[in-house]
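Structure, as structure tokens:
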């Protein structure tokens, strides 16, 4: 059942993001850069559980759109950090709003009481999964 809900939700996400010529990995990177500004490629790789080469490709794609850029790391001149551009912040806000509206539509089938109960159960499941993962993985996972 969880797998079916995941697949359907993923399809909805892909449909929304395709309107902005984005895939899910690009959106996750855009959101992570919005919330945690100026991250090194290595950190982005660890947080998104993607290879460094995949992160490099995703950053290249966001740079090509004018939404992100690499800047010198003030703590280590050999390293670079990735930051959103003003256009990236603007686009992320627009896309996040469309994504939120899509999520709200998906939940219309539930009553307010059912939404509260679902949140309680998902929070409990999430906490249990996070605790298991953190015991085995020293890196913080971005969700």
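The values are calculated or read from the model by the stated rules, or taken from the named source; none is laboratory data. All values derive from a computational prediction rather than experimental measurement. FYI the Cβ positions are ideal-geometry reconstructions off the backbone, even for glycines, and counts take in every protein chain you see.
What the table shows:
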item: Long-range neighbours under 9 Å by Cβ, at least six apart or interchain, first residue at positive phi within region 36-61, second buried (at least 18 other Cβ atoms within 10 Å of the Cβ) and outside any helix (DSSP H, G or I); result: 38/81; 38/82
item: Evaluation of residue 32 against (1) in a strand (DSSP E or B); (2) in contact with a helix residue (DSSP H, G or I) (Cβ under 7 Å, 6 or more places away or on another chain) (one fails), failing number; result: (1)
item: Which listed residue is on the phi < 0 side of the Ramachandran plot, within 14 Å of the chain's Cα centre (by Cα) and part of a helix (DSSP H, G or I), from 25, 9; result: 25
item: Exclusive hit being in a strand (DSSP E or B), out of contact with any helix residue (DSSP H, G or I) (no Cβ under 9 Å at 6 or more places or on another chain) and farther than 22 Å from residue 14 by Cα, set 37, 78; result: 78
item: Selection count, region 43-67, where residues are crowded, with 19+ Cβ neighbours inside 10 Å, in a helix (DSSP H, G or I) and modelled with pLDDT of 95 or more; result: 4
item: Options 72, 98: the member that is more than 16 Å from residue 26 (Cβ to Cβ) and either in contact with a helix residue (DSSP H, G or I) (Cβ under 6 Å, 6 or more places away or on another chain) or not in a helix (DSSP H, G or I) (or both); result: 72
item: Top-ranked residue of region 101-139 - restricted to ones that are outside any helix (DSSP H, G or I), over 26 Å from residue 15 (Cβ atoms) and out of contact with any helix residue (DSSP H, G or I) (no Cβ under 6 Å at 6 or more places or on another chain), ranked as modelled with the lowest pLDDT; result: 138
item: Residue selected from region 73-82 under the condition modelled with pLDDT of 90 or more and over 21 Å from residue 21 (Cβ atoms), by the criterion surrounded by the fewest Cβ atoms within 10 Å (Cβ to Cβ); result: 80
